[in-house]
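Peer 1: Have a look at the structure that comes next, please.
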Amino acid sequence: MSVKDLTTREEIEAIMQPGGPPVLIDFWAGWCGPCRMMAPQYEEAARQMADSPVAFYKLDTETYPALAQAFNVRSLPTVMAIQDGQIQEVSIGAKNAANLVSLAQRINPDRPPGFFKRLFGG
């Protein structure tokens, strides 16, 4: 799955509705050096997660400031992991592909159960 640009309030509303899809959103700006450094890592993480239901989005905070304000973004780059319309995790600062894949796997509904769940049930 490739990285998609978020450009409308309707797209965000679809993501943030109850039962919404699992997504990562990268909030970035063209003037942000760490954002530019992370961009190929984000693309690589999306490529590695192509067979999962987790969607990868980017939101240009300079072009769409009102959309970024809705998420109260204060630092760039910021990556938010969203599942079922709820922000599950927020990661601030540039990350490598392995860290981004790990973040995506934590919201992947298709991931196998964790060790404790396998051990103790639930």
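Peer 1: Please order ASP84, ASP26, ASP110 by the number of other Cβ within 10 Å, starting at the fewest.
Peer 2: Details: ASP84 14, ASP26 27, ASP110 10.
Ascending Cβ contact count within 10 Å gives the list ASP110, ASP84, ASP26.
Peer 1: Among (i) -0.27; (ii) -0.24; (iii) -0.19, only one was calculated for this model; which label is it, if the read-out is log10 I(q)/I(0) by the Debye sum over Cα atoms at q = 0.09 Å⁻¹?
Peer 2: (ii)
Peer 1: Related question: When a footprinting reagent is the concern and you count Cβ atoms within 10 Å, what order do PHE56, PHE71, PHE27 take, fewest first? Provide the component values of the computation, followed by the final result.
Peer 2: Numbers: PHE56 22, PHE71 18, PHE27 26.
Starting with the residue having the fewest Cβ neighbours, the order is PHE71, PHE56, PHE27.
Peer 1: How large is ³J(HN,Hα), in whole Hz, for each residue of segment 44-59 in order, when computed from phi with the Karplus curve 6.51 cos²θ - 1.76 cosθ + 1.60 and θ = phi - 60°, using x for Gly and Pro?
Peer 2: The phi angles translate into 5, 4, 4, 5, 5, 9, 4, 8, 9, x, 6, 9, 10, 10, 10, 10 Hz.
Peer 1: Then there's this: Per 0.36 nm of contour for each residue apart, how much would the distance between ARG36 and ALA70 grow if the chain were fully extended, relative to their Cα-Cα spacing? Don't skip to the end; give the middle numbers.
Peer 2: Numbers: separation 34, 0.36 × 34 = 12.24 nm, distance 2.27 nm.
Between ARG36 and ALA70, full extension yields 10.0 nm more.
Peer 1: Continuing with this model, one more query. Just to be sure I understand: of the beta bridges DSSP finds with both ends in the chain, what percent are antiparallel, rounded to 5?
Peer 2: 60
Every number in this text was worked out from the coordinates using simple rules, so none of it is lab data. Please read all numbers here as calculations on a predicted model, not as lab measurements. No Cβ is skipped: glycine too gets one built from the backbone with ideal geometry, and neighbour counts run over all protein chains shown.
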